[in-house]
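The block underneath contains the structure these notes are about, expressed in structure tokens.
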Amino acid sequence: MVGHGEEEPVYEIAVAVPKRRAKERDESEDCVEVLVEEFRKVGLITERVVGIADEFIKLAAPLEILGRTAAELCMKKPTHIGMDLQFEWEDVHAFVRQPDGSLFSWCERFHFYRHLIYGIVNKSRSDIILKWDAKEIHWEPGEPLLQRLESESVVKQVFPIHVEAKRKELLRSWALNWLDFTRQPIDDIYLYFGTKIAVYFAFLGMYTRWMMFPAGLGLISQLIDFGPFQFLVLPIFFVCITLWAVVFFQFWKRKNSALLTRWQISYSVGADPGYDLGYKLSGKEWSSIQSPVEIARKEEQDRRKDKEKFQREEWFGAFLRIRNDAIVILSIICLQLPFELAYAHLYEVVESDVIKFGLTAIYLVLIQHFTRIGGKVSVQLINHEMNVSREYRADSLVYKVFGLYFMQSYIGLFYHALLHRNFMTLRQVLIQRLIISEVLENLWENSFPYLKYSYKKHKVRKKKRCEKGSTRGRIQFASRVEKEYLKPSYSASIGDELEDGLFDGIK
């Protein structure tokens, strides 16, 4: 995750394997020994670290190995003449380096690492027998070794590891730098974590700064009494917040484009695979026997066939979109709408405020699961659509997910508003939902990962004490790589199952 040095190896990937109870007599058949040897054969530098409960294989790659892997993958990189050309290791000096001096970004290097380690296959014509704790594993011809060991639970996890110097620098200038408030070293974050994480935190920083306006407006509407015009305060507040959201997203799109331009990341709106955008003429057989009239007639027939094919695909794609939209709408009406109305009705029937808070908490937890399931279903439906471009694909997904969010967020509020026709009741419901949702989100994103990490450390130490038979003294982790292995991954709001359209164009 830092500039890749050409002299001193930088370990960037680790493979976690269980501790062995006893070494195999023949190391040539030992799973881990074979795995380490195969890593070395593809040019990787290895270092083995024995932890309290597991063993870790740290991996580093010389620059030449990464460069030849980039050439093998036919990767394109910008050159000093301003063109993106296919990378060639022999012409390495012609390609533009990263701002920190490294040839490849961290995301590119991580892609190369995965290609190298998951590309290790059995090249012999027969099975190779590997052993692990008196268990035989048959490595079949053409089978990836790492995937085989993962399926046998020999390899627990493959994960990136931090570079200490860069990690401490980012802690000092970013995570622990309270004085700068919302200022962030976005360029350093981009170089260390990659484009998607950097854009995500750039969005969070901009969103936090822009929240000053609705926060101030809400404080004014809450504290100041406007007398006879008090009934207009909430409608005006809602209109202002809507306009604020529209303006905010427009400015965010501009900032997003500026960041991608500054980092020299270009993307084009191309067609999805399998979809024909125009009247693509099929190949022609030019023959001296054919007359010009026959050639013209054949061209006209080919053009007509291609046009009919395009129209069929266009209508079929429209039919798929209509079908998928109908599935989402019917799912909302049949599944989520009754759930929302039942919650709204119970909220009105219950008199105790404590029970209302508990009911709202249960409702919000269930809603998160509904949203996650709905997001996965929406993605599956989108994958079976024939969208013209990535923009159409993103819009289709946003509209489907918007329906889910709209129903879960507003149908209950509309029920309260139409039933009571009182803004004060609506205001009370909004405040309760906002407070509980914020508390639950903070617990889910911050407290639970830390508790999970603490529990894992306690479990490892307890297991080690049981093996030693001693309860005195505190067991310390000898290596930082084991701590990083125990820490939960932070996914924030950019999971693979659900994209919200804010980061379109980022690969």
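Values quoted throughout were computed directly from the atomic coordinates according to the rules given, and no laboratory measurement underlies them. It should be emphasised that the depicted structure is a prediction, and the values quoted were computed from it without experimental measurement. Every residue, glycine as well, gets a Cβ built from its backbone with ideal geometry; the counts of neighbours run over all protein chains shown.
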Name every residue in the range 316-344 that is in contact (Cβ under 8 Å) with a residue 12 or more places away in the chain and more than 15 Å from Gly374 (Cβ to Cβ), in order of residue number.
Phe316, Gly317, Leu320, Arg321, Leu341, Tyr343, Ala344
Hand me the list of strands (runs of 3 or more DSSP E) wholly inside the range 112-231 holding 1 or more residues that are of a type in the set (Lys, Arg).
128-132, 135-139
Just to be sure before I move on: is Phe95 under 25 Å from Ile129 (Cα atoms), among the aromatic types (Phe, Trp, Tyr) and buried (at least 16 other Cβ atoms within 10 Å of the Cβ) in the structure I sent?
no
Which one is farthest from Met424 (Cα to Cα) among residues in the range 216-234 that are free of Cβ contacts under 8 Å to residues at least 40 places away in the same chain, surrounded by 10 or more Cβ atoms within 10 Å (Cβ to Cβ) and under 42 Å from the mean Cα position of the chain (by Cα)?
Gly216
Selection count, the range 147-196, where residues are aliphatic (A, V, I, L, M), surrounded by 13 or more Cβ atoms within 10 Å (Cβ to Cβ) and touching a residue at least 24 places away in the same chain (Cβ under 8 Å):
8
